[in-house]
Amino acid sequence: MADDESGGAPSGRDDDEYNLDRYTRKQKDDHAAAVSQLRDGQKTGCWSWWILPTPPFMRNGQRVGSGLNQKYELCDDKEGLAYLRFRRLRANYIEVCEAMTASLEAGIAPRRLLGIDVPRAVASVKYFVHLAATADDKDLHAACQRCLKLLEAPASRPPPSNKRKVDALPAHGAADSDSCEHKSNGEGER
């Protein structure tokens, strides 16, 4: 990660329409630890909201999830694409995907690697596959697709590099929302 206080190189603009600095502030403290834990084969920290952002979780047309989940969701594709352009967030996301992929390819089961955050990781990586396709970002798309294939590997099929059983993943739906409270309103973070 870069050296400046917010976790990445300056964006070159003073505005942050989507308050994306909420991610860089948290990633400054947690990105390196998250990558290290994922490479070591087991997530042990509480960082998934700002390391693996998702679109809003929806149930029956209503946003659901904790306050932290709602604070760190990517409200829509415009915000998601802005995330990819903001400071080091794109590079950090690719690094996280590559760390997950390396452990999964080494035979670590998704449940062992991510614990209760497997559904969040799947929802996040699926959304970033979509964003990468929208942005025509081949590198991000390839990193996400490779990771997603391993995260979603059926329990009956071992990962390509190992014969260990991979846990099946529960289905989890995520959809876009019309309102997000974390957009910048000129008054700082809400």
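In this structure, the amide hydrogen of Leu74, modeled 1.01 Å from its nitrogen in the peptide plane, lies closer than 5 angstrom to those of Thr54, counting only residues at least 5 positions away or on a different chain. Only Cα pairs under 8 Å and 6+ residues apart enter the sum, and on that basis the relative contact order of the stretch 21-151 stands at 29 percent. Kindly identify the stretch 1-145 as rounded, prolate or oblate by the Cα gyration tensor criterion: order the square roots of the eigenvalues as a ≥ b ≥ c, call it rounded if a/c is under 1.5, otherwise compare a/b with b/c, prolate if a/b is larger, else oblate. Taking the square roots of the gyration eigenvalues as a ≥ b ≥ c, the stretch 1-145 is rounded.
Every number in this text was worked out from the coordinates using simple rules, so none of it is lab data. Everything quoted here is computed from the prediction, not taken from an experiment.
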